[in-house]
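The values are calculated or read from the model by the stated rules, or taken from the named source; none is laboratory data. Everything numeric here is computed off the predicted structure, so don't read it as measured data. FYI the Cβ positions are ideal-geometry reconstructions off the backbone, even for glycines, and counts take in every protein chain you see.
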Amino acid sequence: MARVYNFSAGPSMLPEEVLKKAAAEMLDYEGCGQSVMEMSHRSKTFDKIIKDAEQLFRELMNIPDNYKVLFLQGGASTQFAAIPMNFMNKNKKADFIITGQWAKKAYQEAAKYGAARAVASSADKTFSYIPKTTAADFDKDADYVYICMNNTIYGTKFPELPEVGDIPLIADISSMFLSEPVDVSKFAVIYGGAQKNIAPAGLTVVIIREDMLGNAMDITPTMLNYQVMADNDSLYNTPPCYTIYMCKLVLEWIKAQGGVEAVYATNIKKADILYNYLDSSSMFSSTVAKEDRSLMNVPFVTGNDELDAKFVKEATAAGFVNLKGHRSVGGMRASIYNAMPVEGVEKLVEFMKEFEKANS
Ligand SMILES: *Cc1c(COP(=O)(O)O)cnc(C)c1O
């Protein structure tokens, strides 16, 4: 069996140990004679799986007790509507920093429900940097400030959080979930789709400070009401059971690596290998301002579309797949999430060096 090095932005690689464990438990989960796919979400066995997953999140992310951890569906994109419906209901306005397509979509969706304001944007340079803001830029009466902390498409990450004073801060961390330590207490809400770094597609994890709950607009669909989901421990209806189980396996894997700090150290190592090469190469270069570079998503270009296409084609043939950049940016993008081994990045760089030699 030959597995490729998969640099997909999402859905993306899962740790091989996790896939093997899931395969071994496929037909008979812990002696209960059935697969997790087949069992009732009200069963004792599944109840333990979802509770264990929540406990692991709390432990790995050091989540304070006054936060709820919700297991939801509909992807991060569904939260773009749920967030304004649940939280944009005091002064009916919210501030957004537009750092790419995902932040923009969240902003546009919120604008349907209240006064959404773009406080800053990096659209002027194809979102290749994170705009600087100060507390004075935000409306003190805003119901929240919204950011997308790691920008999957453009390869940027907030090097530090914006100073927002007492305004609740909400962040989309889809593409950096559990890739580095994050101080949850700095956020009112922090959430992400699972398919980038913590599970297969189908699960969205939303972590909410309790005082944010209970203020949803009357029009909020029951399924998008965080209070309802919190009151029912994410079991108001059938949750994505198997994906939650896979998520639990990934969290156990992270714990076995030594936790988020250990995974972070490895992620820095991987990103350094790739960025150091990009900064020294005379063919390939990074598209992102140095201080704002993502550890997870690394876009790069040769500056020549034909050469980019040739590189992607030859890399694919050599077992380095899904390196084509997002259609809105072009070039290449290597997503190097938690599950990508150091060896995968080392081998990619070796391949890039050979390509550079052969084509210059
Ligand atoms: C992928 C992604 C999304 C969209 O996620 P869906 O689950 O497809 O809705 C939103 N935000 C970020 C940062 C992403 O990387």
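Just a few scattered comments:
- Scanning region 248-275 for residues that are farther than 20 Å from residue 150 by Cα and more than 20 Å from the chain's Cα centre (by Cα) turns up 256, 258.
- Scanning region 267-291 for residues that are in contact with a Gly (Cβ under 9 Å, 6 or more places away or on another chain) and closer than 29 Å to residue 60 by Cβ, we see that the one that is modelled with the lowest pLDDT is 288.
- Close pairs from region 218-229: first in a helix (DSSP H, G or I), partner hydroxyl-bearing (Ser, Thr, Tyr), Cβ under 6 Å, at least 6 apart: 228/222; 228/236; 229/236
- Residue 339 vs. criteria out of contact with any helix residue (DSSP H, G or I) (no Cβ under 7 Å at 6 or more places or on another chain), modelled with pLDDT of 95 or more and assigned to a loop (DSSP other than H, G, I, E, B): yes
- In summary, residue 202 fulfils each of the numbered conditions (1) closer than 30 Å to residue 336 by Cα; (2) more than 16 Å from the ligand (Cβ to nearest atom) with the single exception of condition (2).
- Count of region 272-304 residues which are out of contact with any helix residue (DSSP H, G or I) (no Cβ under 8 Å at 6 or more places or on another chain), part of a loop (DSSP other than H, G, I, E, B) and surrounded by fewer than 19 Cβ atoms within 10 Å (Cβ to Cβ): 3
- Going through (1) more than 16 Å from the ligand (Cβ to nearest atom); (2) under 24 Å from residue 334 (Cβ atoms); (3) not hydrophobic (A, V, I, L, M, F, W, C) one by one, residue 155 falls short only on (1).
- Close pairs (8 angstrom Cβ cut-off, 6 or more residues apart or separate chains): among the aromatic types (Phe, Trp, Tyr) and within 16 Å of the ligand (Cβ to nearest atom) in region 1-30, modelled with pLDDT of 95 or more and part of a loop (DSSP other than H, G, I, E, B) anywhere: 7/322; 7/323; 7/336; 7/340
- Figure legend. Inter-residue proximity from region 149-165: first residues farther than 14 Å from residue 9 by Cβ and part of a loop (DSSP other than H, G, I, E, B), second residues away from the ligand (no atom under 16 Å from the Cβ) and aromatic (Phe, Trp, Tyr), beta-carbon distance below 9 Å, spacing 6+ or different chains. Indicated pairs: 162/138; 163/138; 164/138; 164/144; 165/138.
- Failed condition for residue 194, given (1) within 14 Å of the ligand (Cβ to nearest atom); (2) farther than 30 Å from residue 6 by Cα; (3) among the small types (Gly, Ala, Ser): (2)
- Per the listing 250, 260, 298, 228, the residue uniquely at pLDDT 95 or above, in contact with a strand residue (DSSP E or B) (Cβ under 6 Å, 6 or more places away or on another chain) and aliphatic (A, V, I, L, M) is 298.
- Region 201-236, subset under 16 Å from the mean Cα position of the chain (by Cα) and crowded, with 20+ Cβ neighbours inside 10 Å, residue nearest to residue 64 (Cα to Cα): 207
- Residues that are out of contact with any Lys or Arg (no Cβ under 9 Å at 6 or more places or on another chain) and in a loop (DSSP other than H, G, I, E, B) were ranked within region 319-329; the one that is nearest to residue 352 (Cα to Cα) is 329.
- A single entry from 172, 143 fulfils the requirement of being touching a residue at least 40 places away in the same chain (Cβ under 8 Å), crowded, with 24+ Cβ neighbours inside 10 Å and away from the ligand (no atom under 16 Å from the Cβ): 143.
- Scanning region 122-131 for residues that are within 14 Å of the ligand (Cβ to nearest atom), in a strand (DSSP E or B) and of a type in the set (Phe, Trp, Tyr) turns up nothing.
- Of all the listed residues (193, 165), the sole one being within 20 Å of the chain's Cα centre (by Cα) and of a type outside the set (Lys, Arg) is 193.
- Out of 80, 87, sole residue that is over 16 Å from residue 174 (Cα atoms) and aromatic (Phe, Trp, Tyr): 87
- Filter pass, residue 119 being free of Cβ contacts under 8 Å to residues at least 40 places away in the same chain and not in a helix (DSSP H, G or I): yes
- Top-ranked residue in region 88-108 [being surrounded by 18 or more Cβ atoms within 10 Å (Cβ to Cβ) and away from the ligand (no atom under 11 Å from the Cβ); ranked as nearest to residue 288 (Cα to Cα)]: 98
- The residue list 212, 217 contains one member that is within 21 Å of residue 146 (Cα to Cα) and in contact with a Pro (Cβ under 7 Å, 6 or more places away or on another chain), which is 212.
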